[in-house]
Structure formats: C-alpha cells, structure tokens
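Undergrad: Take a look at this one; I'll ask things after.
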Amino acid sequence: MQISEEESRALLAALLRGELPDAHGRFGPFGGRYAPEMLMPALGRIAAGVQRWLHEPAFQAELGAQLRDWVGRPTPLTPAPRLGEAWGAEVYLKREDIAHTGAHKINNALGQALLARRLGARRVVAETGAGQHGVATAAACARLGMPCVVYMGAVDVQRQAPNVERMHQFGARVVSVESGDRTLRAAIDEAFRDWVADPEGTYYLLGSVVGPHPYPWLVRELQAVIGREARAQFLAATGDLPDVAIACVGGGSNAIGLFHPFLGDAAVELLGVEAGGRGTGLGEHAATLSRGTPGVLHGTYSLLLQDADGQVQETHSVSAGLDYPGVGPEHALLKTIGRVRYTSATDDEALAALRECCALEGILPALESSHALAGARRWARDNPGRRILIGLSGRGDKDMPTLSRVFAGAPGSANPH
Ligand SMILES: *Cc1c(COP(=O)(O)O)cnc(C)c1O
C-alpha cells in the first residue's frame, strides 16, 4: 500500500487529534466492519456504548478502582541494569507480567466486561487459542458475577489443559470445538455463531485490537493505560523520555497500548517485533506486518498472511500468543505512514532472550514478550548507549512445558528428568 508523505502526515495528525478511527471504524485505508448483516445492530450498539460510556467519569472511576484494587495497577517500571550492562544500553521493563492473571490481557477483559454490564448483556462469550484471553475473560466475569462461555478448539483444549482448568475454577463453561481445524479459527466461528443467536443478551468479548469496528478502537483505548503509565514512570525515573519503545506484536494489543501515548513524541522511536518463527517461507512464521498483504480477515481490512489466491496461511511461532495470521488495522496504518517500524525475531532468538532475562534479572518473561526482548537486544547493538523501554507483556510460567521440551538437554538447562 503506497501513501504519499503528505497523506502520511495528515493521517498521523488525525490520529493525534483522536479522530481515528473515523465513524466507520477506518484507520485511513484499514479497518472497517466486515461482518454478517445480523451482527451489524449489535456492533453498532457496542460502538455507541464505547462512545457513551468509556470516557464517562463514573465508568472511568469504576474501571480505575478495579484496575487498582484487583488487577494491581499501576504495574511497575523496572530498571534492568544487568541486561543494560550486557547490551550497552539503559533498559527499563514495563511489567505487565505482574498484572493479575499474568499478562496485559486482563486490562481489556475487565474493561469490556464492565462495558458489557453497562450495555445490559446477560452473558459473555469469548474465544481463545492459547487460553490466556479465556483465563482473563473468565476471571473478569467471575469478579463481576457474569456468566461466561469460552470457545476453544479441541486441539488447544488438549495443549492448554492448565488454562482450561483455570477457566473452570473461575466458573466459565469451556466449549471444546471439534469442527474445522479444531484450533483458534474454528473457535472464532463457533463463538460468532453463539453471538448471532442472541446478539442483544450476549456480549462478545474480543481479545486483541482486531475484528470489526469498534473492537480495534475499544481494545486500544483499554490497553493505552500501559503506555500512559509507562510514559509518566519513565519521565519520573529518568527526567526524560526513552529513545525507543519496543513491544511484541501478535494481534497487536499490548504494542498499541504501549505505543499510543508516545505517538506524538517524534523523538521516541517505536518498534514492533513479530514472530519470525523458524524461517521466512509462508507457514514458517507469523510476521504479518513484515511480510503480509492487504485483505479482510475476521471482520477487518488489514494486512494478513495469505497466498496469491487469497487463502489465509497457517502460521508458526514457538509462542502461541503470537501465532495469528492477521494483525490490528491500526498497526497496518502505523506501518504504512512510517510512524512505527516492524521487525521480527525468530523462535531461537526469543528463547535466547528469555534465558538472558531470567539469568540477569530474575524475571521469567512470556515467550511472546521474549520477542520484544530479542528485538531490543538487536536494536541496542545498532544504537549503543541509549534508553530503551520494553513492554514485558506477560510472565512465562505458562510456557514452562514448552521450555522444558526445547531446553531439554541444552547446555545449562536443568536436569530434564
Ligand atoms: C496474547 C499475548 C500477546 C499477544 O497479543 P497482542 O494482542 O499482540 O498483545 C503478547 N504477550 C502475551 C503475554 C500474551 O498473552
């Protein structure tokens, strides 16, 4: 997608004025609402609800209190001096791993569950792949006393048994989807089917800045708390802004949340790191912004990984949370206008960064977040002696089964038995 320099400047200015997405959910050429006719009224009601409630003082007070007392916000900004010494940089970690349930996803799940209640919904449905969004949604619904159904592909139910158990403990019903590919894609279809059957009484709680309007907008507004806190904390800690802010990108919610409050700071470089997997061929990675082409997936026009015939491609990443062939439309815009740069880190680079962070800082990052660390490490090598802010989107406890498998027998690993 080609855009002139003048158009790019105008689109960035519109973003900074808070005018994007527009009334149709467009972020410049991207975004929009490509959904079944039956869902249009429900999507319209949610969009009106976002407009009406999200920034209304009583709603903000309720959300703010829950974020403080239950989620544990603000999360700390942690200096990482030993990583900094190893990289020749000044490194700070924004600690979403410390948020309740272990990642940034709770900011969104809680905010949308509160919105669902305001909209008069009687129950919440969600879909989940790796299970992290399902756990956050189940926890938020338990906290607010709302019935919750989570759709999950049968293959993922097997692979993510501990997360399924956590959802059960929070009182959610987990529906194992046996149709289609029996993973995330099939789960999304089933969750949509459920919602279509009762679009007024049911609220569909989406987990990232993807999907039809208003979700990319709603989720960005709820995750921007990450960047607002980090910006203020960075200023307080150093008296200045970072030279670069770096986050991993799956659907793109933690990255948009971190980046958004910095978009107007022209001196702050913004870098998104996607899953480079095990190679550059289709099916080997999930680097949608780096290698994708425009198209419609799950209700939005954005970049996606597809073949020449428009068939959506399988993806691969060692981290389940980055393993998605699409990406949020706002990221597609930010890439197109050149405000954010996107790169990728391979499985091996992410695993090495994870180990380094464990060994030097006593922090076990999620495999997803480890992609941001790997990207930061490379950035530091090319830009010595600078201040780096890294979005640590989640903790890696959930990844222990994967880690024991890939590190079994590797030098320095624990006894595999
Ligand atoms: C789900 C997840 C991601 C990827 O989702 P985004 O919407 O791109 O943020 C990243 N990190 C962690 C820890 C996750 O659980």
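The values are calculated or read from the model by the stated rules, or taken from the named source; none is laboratory data. Note that this is a predicted model, so its numbers are computed, not measured. Glycine gets a Cβ as well: all are built from the backbone with ideal geometry, and neighbour counts include every protein chain shown.
Undergrad: Quick check: anything in segment 328-345 closer than 18 Å to Leu258 by Cβ, charged (D, E, K, R) and surrounded by 24 or more Cβ atoms within 10 Å (Cβ to Cβ)?
TA: yes
Undergrad: For Ala61, work out the one condition from (1) assigned by TED's automatic domain parsing to the domain that holds Ala236; (2) among the hydrophobic types (A, V, I, L, M, F, W, C); (3) free of Cβ contacts under 8 Å to residues at least 12 places away in the same chain it doesn't fulfil.
TA: For Ala61, the failing item is (1).
Undergrad: Consider Arg82 against the criteria (1) within 16 Å of Ala224 (Cα to Cα); (2) in a helix (DSSP H, G or I); (3) basic (Lys, Arg): it satisfies all of them except one. Which criterion is unmet?
TA: It fails just one condition, (1).
Undergrad: Which of the following residues is within 22 Å of Val249 (Cα to Cα) and buried (at least 19 other Cβ atoms within 10 Å of the Cβ): Leu77, Leu63?
TA: Every option except Leu77 fails the conditions.
Undergrad: Continuing with the same structure: Taking segment 215-263 as the region of interest, how many residues are away from the ligand (no atom under 15 Å from the Cβ), farther than 15 Å from Arg341 by Cα and surrounded by fewer than 24 Cβ atoms within 10 Å (Cβ to Cβ)?
TA: Here the count works out to 14.
Undergrad: Here's another thing I want to ask about it. What number goes with the only condition from (1) within 30 Å of Glu314 (Cβ to Cβ); (2) not assigned by TED's automatic domain parsing to the domain that holds Leu367 that Asp97 does not pass?
TA: Asp97 satisfies all of (1) within 30 Å of Glu314 (Cβ to Cβ); (2) not assigned by TED's automatic domain parsing to the domain that holds Leu367 except (2).
Undergrad: If I ask for residues that are of a type in the set (S, T, N, Q) and farther than 21 Å from Pro162 by Cα, which ones from segment 66-108 would you list?
TA: Gln66, Thr75, Thr78, Asn107, Asn108, listed by residue number.
Undergrad: Among the residues of segment 13-38 satisfying the criterion of being among the aliphatic types (A, V, I, L, M) and surrounded by 18 or more Cβ atoms within 10 Å (Cβ to Cβ), which is farthest from Val296 (Cα to Cα)?
TA: Within segment 13-38, the match that is farthest from Val296 (Cα to Cα) is Leu15.
Undergrad: Ser208 passes all but one of (1) in contact (Cβ under 8 Å) with a residue 60 or more places away in the chain; (2) assigned by TED's automatic domain parsing to the domain that holds Ser393; (3) not in a strand (DSSP E or B); which number fails?
TA: (2)
Undergrad: Now for a separate question. Are any of the residues in segment 84-106 touching a Leu at 6+ places or on another chain (Cβ under 9 Å) and among the hydroxyl-bearing types (Ser, Thr, Tyr)?
TA: yes
Undergrad: Can you name the residue in segment 119-157 that is of a type in the set (D, E, K, R) and at pLDDT 95 or above and, of all such residues, is farthest from Tyr204 (Cα to Cα)?
TA: The selected residue is Arg143.
Undergrad: Against the condition assigned to a helix (DSSP H, G or I), over 17 Å from Trp195 (Cβ atoms) and within 16 Å of the ligand (Cβ to nearest atom), how does Ala142 come out, does it pass?
TA: no
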